[in-house]
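Working notes for the structure below.
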Amino acid sequence: MSAHPRRLLLGANFALALAMPSHAAELNPAALVYQLPDQISWSSPSAAGSQNAVLVGDPSKPGLYVVRNKWLKGNHFSRPHFHPNDRFITVLGGTWWMGSGANFDPDNSVPLPTGTFVTHFGKEVHWDGAKDEDASLLIFGEGPGSSTPVEPTVGKFSGLDPKAVVYTLPDQYKWRDPTGTAGVNQVVLHGDPTKSGPYVVFNRFKPGNFSKPHFHPNDRFITVVKGTWWVATGNGAKDEETWLVIVGEGPGTLTLVDATN
């Protein structure tokens, strides 16, 4: 991925990516582009009961990609499979049910609620899906993100193999400000945004908090998962709390610039 000081905003299906009143100034497309939820192009439901939308890159080729995936309710599950590279997944809505290994047993799969952050390790077998509600996911990784099926076996699933799948529940997040009083709070879910390599962070803006004008050395891909995010040369929240999932290739450092009237 080439270094370029721009960012891409991506809207979750239950949150506005950006508030754009009729008198709003135009955003510079060289600095920032966005998709609103109703502009995301979803595939038709598959025979397995899932839909996806490619937001960044091409999962079939080398390079960074970001996709939205939705498992439809009704006990729809993938069969055991693996991917060649690690995948980093945030549950945006519903409950995602997870298993690992070739032993396919959805009745004893592990429930992962909204807000859970999951890592699927490359070349390790897992399976997943939805039961009585849709499960909406944001998936980030280095391509190719192809899937290789594994012959399922019969028997009782007894628990996730940490060599294949690890996860962090929302109440296990280690926020930068554990008191929650900071106007802008952050938790690093994967990687180190100050160094080279892929990273995933969760940012939370309290109402009335905005960043100052700034830029980053590399592209950042951002999904609004709660509230409305207000964006211009700076960004932040107005009268409601705003939550963002940010993924990118580090370093993701910030350089302030002088504000102009």
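The values are calculated or read from the model by the stated rules, or taken from the named source; none is laboratory data. From a predicted model like this one, the values you see are computed outputs, not experimental measurements. With ideal geometry, Cβ positions are generated from the backbone for all residues, glycine too; neighbour counts draw on all protein chains shown.
Scan (1) closer than 20 Å to Pro84 by Cα; (2) at pLDDT below 95 for the single condition Gln35 breaks and write down its number.
(1)
Hey, does the stretch 224-232 have a residue that's in a strand (DSSP E or B), at pLDDT 95 or above and not aliphatic (A, V, I, L, M)?
no
Among the numbered criteria (1) hydrophobic (A, V, I, L, M, F, W, C); (2) closer than 17 Å to Asn52 by Cβ; (3) without any contact (Cβ under 8 Å) to a residue 60 or more places away in the chain, which one does Leu137 miss?
Against the list (1) hydrophobic (A, V, I, L, M, F, W, C); (2) closer than 17 Å to Asn52 by Cβ; (3) without any contact (Cβ under 8 Å) to a residue 60 or more places away in the chain, Leu137 comes up short only on (3).
Would you be able to tell me the number of residues in the stretch 126-155 that are over 24 Å from Gly191 (Cβ atoms) and among the hydrophobic types (A, V, I, L, M, F, W, C)? If you could, list the steps in order and put the result at the bottom.
From the stretch 126-155, those over 24 Å from Gly191 (Cβ atoms) are 127, 129-135, 148-155; that's our starting set.
Filter again for among the hydrophobic types (A, V, I, L, M, F, W, C), leaving 127, 130, 135, 150, 154.
Total meeting the criteria: 5.
Ala47 versus (1) crowded, with 19+ Cβ neighbours inside 10 Å; (2) assigned to a loop (DSSP other than H, G, I, E, B); (3) of a type in the set (A, V, I, L, M): which is the lone unmet condition?
(1)
Looking at Ala232, Ala237, which is the one that is within 21 Å of Ala30 (Cβ to Cβ) and of a type in the set (Gly, Ala, Ser)? First the steps, then the outcome.
On the way: Ala237 fails: within 21 Å of Ala30 (Cβ to Cβ).
Just one listed residue meets the conditions, Ala232.
Please work out if Leu18 is part of a loop (DSSP other than H, G, I, E, B), modelled with pLDDT under 90 and crowded, with 18+ Cβ neighbours inside 10 Å.
Working: part of a loop (DSSP other than H, G, I, E, B): yes; modelled with pLDDT under 90: yes; crowded, with 18+ Cβ neighbours inside 10 Å: yes.
For Leu18, the condition - part of a loop (DSSP other than H, G, I, E, B), modelled with pLDDT under 90 and crowded, with 18+ Cβ neighbours inside 10 Å - is met.
Tally up the residues in the stretch 233-261 that are surrounded by 17 or more Cβ atoms within 10 Å (Cβ to Cβ) and part of a loop (DSSP other than H, G, I, E, B), please. Steps first, please.
Here is the first cut: in the stretch 233-261, the residues surrounded by 17 or more Cβ atoms within 10 Å (Cβ to Cβ) are 233, 235-237, 242-252.
When the remaining residues are screened for being part of a loop (DSSP other than H, G, I, E, B), the result is 233, 237, 251-252.
Of the residues in that region, 4 qualify.
In the stretch 25-75, what residues are over 19 Å from Phe88 (Cβ atoms) and among the aromatic types (Phe, Trp, Tyr)?
Tyr34, Trp42
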